[in-house]
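S.K.: First the structure, which I've put down as structure tokens, then a few questions once you've had a look.
The values are calculated or read from the model by the stated rules, or taken from the named source; none is laboratory data. All values derive from a computational prediction rather than experimental measurement. When we count neighbours, we look across all protein chains shown, and the Cβ atoms used for this are built from the backbone with ideal geometry, even at glycine.
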Amino acid sequence: MNDAPSDPFGQTSGNGASTSFDLLHEKVRRWIWHQGWTELRDIQERSIPVLQEGQRDLIIAAGTASGKTEAAFLPIVSRLATDERKPGAGFEAIYISPLRALINDQFGRMETLCEEVEIPVWKWHGDVASSVKERACKRPQGILLTTPESLEAILVRRGNEAKRLFAALSYMVIDEMHAFMDAERGRQLQSLLNRIEIAAGHPVVRVGLSATLADMRISAAFLRPLNPDGVEILESQMGSQPLKLQVRGYIQPRLKQRDANSDKGEATESTADMEIATHLFDTLRGHRSLIFAGSRRNVELYTARLRSLCETSGVPEEFFAHHGSLSREHREEAERRLKEDDRPGSIIATTTLELGIDVGHIDAVSQIGPGHTVSGMRQRLGRSGRRAGQSSVMRVYTTEMAIDERIHPIDAMRPRTVQTIAMLNLMLRRWNEPPQIGCLHLSTLIQQILALIAQHGGLTVKQGWNLLIESRVFPEIDQALYIDVLRRMKHPEVQLIEQAPDGTLLPGEEGERVINDRGFYAVFMTPDEFKVITDRGRNLGSLPVDSPVMPEQLIIFAGRRWRVIELDNQRREILVTRAYGGVPPKFGGEGLPPADEVVAEMRQVYESIAIPRFLDKIALECLTEARVTFDNLGLRHAGLYRHEDELLLFPWVGNRAQLALVLALASHGVTANSEGIAVTIPAKDGGKLVATLKTLAERPAPDAEALARLVPDMKRAKYDAYLGDELLARCYASEHIDAARVPIIAADLLSRLPAEATTIFETKVPL
């Protein structure tokens, strides 16, 4: 080690010496040399001077496998190694991740670097032993890797120690920052960053890392709400890897009757599903790949099918399930299989492997269905092609119904294929979903008020205002709304807080129960679950209580087939044994409608004559059929079509605007339902529909809160049940209803009514 040259980089990229490399601590340079690196990457060269200085907040925006983590921690570790440090004076840097698995992964990478410079590294999350946490707290120093939930637990449980723990803090790094933005966890994280700075007694440099940030101004405001202009932004200038992309289409024949096995606990896979599984098997066996199946149910179905193909073909098992309901041990086993083993293997996952968990070299990525978001699709694509000169490979599988006389017009429009094309078009144009602004997030506000009370042993109204509202953690909340929330929390029906004679806010009876609940530190839902235990004692994972199974029922779980032996309601356990046959349990909570921009791009795909080069023969046929149907329905110029006894309305807007339209129609007595890109209305309401659209177009935008009250169940977030109808409607409206666009949408639909609209309501028009 001592023989290593002090400047191994001399000439980094043909442009002269690396000045950034020279800024690093000698031991950090030595570590880089021993990694076999011949040059720093673009984003690393540019981030080192900024973070070495240690004065400016920074966003590092770069693609997957671009070296973002090292771009942050090479200069941070170098600066910590240079500064005079007192053992036990406090943690010096915090790394915050949305996933425990990502922390475990980064810990292994960071440990070797920090060992070189003798800086301790600590993991802190729910799976870390309490003895490790106690050692870290006894002599806090070095780098802490944690989640927002664990940070919350530290502040609540060790509030009197916060100053000692964070007094030496210089940096806070937020990995996969896009995963926090526009979410309940994001507001919690912003509050935590602010609370930690207050405990430290000085500003702390904030560093955000992400591959898929859509709006840098909004991103900067998220990272440093009170001074977004002070955030420096570095975007990678590296060119992307060569791309191999294919959309494969499959046609599902219409079932004439229900399969006789469906009531016998046997999985009834569609012809298309089996064809997709066969292609995955033939293409990926012997390689290393990730398969994103969309839902947990699909993960189970495809894993079971692919393992069955391995068995019948007499080849080693190469396919492994990975989703949030499986046990940590099971997920980590699958990850290690790819990361630490040179043998071929494929993991079938939901979104759990979308973020930067290292599973080693990946040859190809597959995706079943269009996926939820464009940014997620980009994250997935980036998991392959990480080696120099290697292409990124992605296959997207789409399924459509066979066209016959019974097919519904919406199915004939081939929406899955068109949505996939639209999302890929946007991805290739480097578009990402922008974060939604204007959401109130009152559930998280309630949680943060309780957390502050627990941390400090009480809270004044003004202190809560300063820490949560003036800090712009909740910028949409004004003084009146803040007081309304406190009054609701104090209400006798709620009893989350009570007020002492001197005005101090304290936990109420229900507040004490909530704070002491083991799930308090998470702002997202944590449903009550049953553990799934094999008859050999292995923990496979868990199932939500609202997804019941019965004794003797056959299920697919962890990619294998099981028979339920018994349910232990007291211990919350499901005992299973190996079996033949089965169906995946119902998991729920899956599927999101596309954004406005995706729907707009779908319309462009329908109207265009361009043929994407990435379509296979069947996918191309589906696109051709989609465009023919689009024209046959008259949708190039009209926005209304009659099919049998229903009207199909095409507003060409995303989920928030479409929900606003549906609720606005309902408020005038028109029955309307969202059906993907279309809104369906009974034909008998046709006359009323036109009159209502005229009213909506001519009047000011409807009140979003009034529309929200038409939703049967508005509770979406963890603490929504405490809000009461008025606050809940206001919160739901801010997050789910774009009422301001209703007049514009109504006017557009009126302008696109077919000339024969009045007769359409009375006459059935065949497709």
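S.K.: Within the group VAL173, VAL156, which residue is assigned by TED's automatic domain parsing to the domain that holds VAL231, farther than 19 Å from LEU99 by Cβ and either hydrophobic (A, V, I, L, M, F, W, C) or at pLDDT 95 or above (or both)? Spell out the reasoning first.
M.R.: Working: VAL173 fails: farther than 19 Å from LEU99 by Cβ.
Of VAL173, VAL156, the one residue that is assigned by TED's automatic domain parsing to the domain that holds VAL231, farther than 19 Å from LEU99 by Cβ and either hydrophobic (A, V, I, L, M, F, W, C) or at pLDDT 95 or above (or both) is VAL156.
S.K.: Give the residue, chosen from SER346, SER384, SER313, that is surrounded by 22 or more Cβ atoms within 10 Å (Cβ to Cβ), at pLDDT 85 or above and over 16 Å from the mean Cα position of the chain (by Cα).
M.R.: None of the other options fit; the residue is SER346.
S.K.: Separate question: Counting only residues that are in a loop (DSSP other than H, G, I, E, B) and closer than 20 Å to ILE174 by Cβ, how many does segment 106-118 have?
M.R.: 0
S.K.: Could I ask something else about it? Kindly indicate the residue of segment 467-492 that is free of Cβ contacts under 8 Å to residues at least 40 places away in the same chain and out of contact with any helix residue (DSSP H, G or I) (no Cβ under 7 Å at 6 or more places or on another chain) and also surrounded by the most Cβ atoms within 10 Å (Cβ to Cβ) among those meeting that condition.
M.R.: Checked segment 467-492; the qualifying residue surrounded by the most Cβ atoms within 10 Å (Cβ to Cβ) is LYS490.
S.K.: Taking the residues in segment 507-525 that are closer than 13 Å to ARG157 by Cα and of a type outside the set (A, V, I, L, M, F, W, C) as candidates, determine which candidate is nearest to the chain's Cα centre (by Cα).
M.R.: TYR521
S.K.: Identify all residues within segment 656-688 that are touching a residue at least 40 places away in the same chain (Cβ under 8 Å), under 16 Å from ILE410 (Cβ atoms) and not charged (D, E, K, R); write none if there are none.
M.R.: Passing the criteria: GLN658, SER674, GLY676, ILE677, ALA678, ALA683.
S.K.: What are the residues in segment 33-50 that are of a type in the set (Gly, Ala, Ser) and either under 29 Å from the mean Cα position of the chain (by Cα) or under 9 Å from SER20 (Cα atoms) (or both), if any?
M.R.: Once the filter is applied, which keeps residues that are of a type in the set (Gly, Ala, Ser) and either under 29 Å from the mean Cα position of the chain (by Cα) or under 9 Å from SER20 (Cα atoms) (or both), segment 33-50 yields only SER47.
S.K.: Within segment 732-744, can one find any residue that is outside any helix (DSSP H, G or I), over 21 Å from LEU647 (Cβ atoms) and within 25 Å of the chain's Cα centre (by Cα)?
M.R.: yes
S.K.: Sticking with this one: LEU353 versus (1) assigned to a loop (DSSP other than H, G, I, E, B); (2) surrounded by fewer than 24 Cβ atoms within 10 Å (Cβ to Cβ); (3) hydrophobic (A, V, I, L, M, F, W, C): which is the lone unmet condition?
M.R.: Going through (1) assigned to a loop (DSSP other than H, G, I, E, B); (2) surrounded by fewer than 24 Cβ atoms within 10 Å (Cβ to Cβ); (3) hydrophobic (A, V, I, L, M, F, W, C) one by one, LEU353 breaks only (2).
S.K.: Here's another thing I want to ask about it. Taking SER751 as the residue in question, decide whether it is on the phi < 0 side of the Ramachandran plot, in contact with a Leu (Cβ under 6 Å, 6 or more places away or on another chain) and not hydrophobic (A, V, I, L, M, F, W, C). Write out each step before concluding.
M.R.: Values: on the phi < 0 side of the Ramachandran plot: yes; in contact with a Leu (Cβ under 6 Å, 6 or more places away or on another chain): no; not hydrophobic (A, V, I, L, M, F, W, C): yes.
No: the conditions fail for SER751.
S.K.: Then there is this: Which condition breaks for VAL396 when tested against (1) buried (at least 23 other Cβ atoms within 10 Å of the Cβ); (2) part of a loop (DSSP other than H, G, I, E, B); (3) modelled with pLDDT of 85 or more; (4) hydrophobic (A, V, I, L, M, F, W, C)?
M.R.: (2)
S.K.: I've got another one for you. Could you check, for segment 450-461, whether at least one of its residues is buried (at least 21 other Cβ atoms within 10 Å of the Cβ), outside the structural domain of ARG217 (by TED's automatic domain parsing), touching a Phe, Trp or Tyr at 6+ places or on another chain (Cβ under 7 Å) and of a type in the set (A, V, I, L, M)?
M.R.: no
S.K.: Quick one: would you say GLY286 is assigned to a loop (DSSP other than H, G, I, E, B) and on the phi > 0 side of the Ramachandran plot? Show your work before the answer.
M.R.: Working: assigned to a loop (DSSP other than H, G, I, E, B): yes; on the phi > 0 side of the Ramachandran plot: yes.
Criteria met by GLY286.
S.K.: Does LEU113 satisfy the condition of being closer than 30 Å to GLY457 by Cβ and crowded, with 18+ Cβ neighbours inside 10 Å?
M.R.: When the stated conditions are applied, LEU113 does not pass them.
S.K.: Take segment 201-243 and flag every residue that is in a helix (DSSP H, G or I) and among the hydroxyl-bearing types (Ser, Thr, Tyr).
M.R.: SER219
S.K.: Another question about this same structure. Can you pull out every residue in segment 22-44 that is closer than 14 Å to ALA72 by Cα, in a helix (DSSP H, G or I) and either of a type in the set (D, E, K, R) or not assigned by TED's automatic domain parsing to the domain that holds ALA65 (or both)?
M.R.: The answer is ASP42, and nothing else.
S.K.: Could you check how many residues of segment 618-642 are closer than 18 Å to VAL247 by Cα and touching a residue at least 24 places away in the same chain (Cβ under 8 Å)?
M.R.: 8
S.K.: Is segment 358-366 home to any residue that is part of a loop (DSSP other than H, G, I, E, B), polar (S, T, N, Q) and surrounded by 21 or more Cβ atoms within 10 Å (Cβ to Cβ)?
M.R.: From segment 358-366, those part of a loop (DSSP other than H, G, I, E, B) are 358-363; that's our starting set.
Remaining after also requiring polar (S, T, N, Q): none.
No, segment 358-366 contains no residue that is part of a loop (DSSP other than H, G, I, E, B), polar (S, T, N, Q) and surrounded by 21 or more Cβ atoms within 10 Å (Cβ to Cβ).
S.K.: Another question about this same structure. For segment 120-144, enumerate the residues that are closer than 26 Å to LEU450 by Cβ, not in a helix (DSSP H, G or I) and not small (Gly, Ala, Ser).
M.R.: Selection gives TRP124, HIS125, ASP127, VAL128, PRO140, LEU144.
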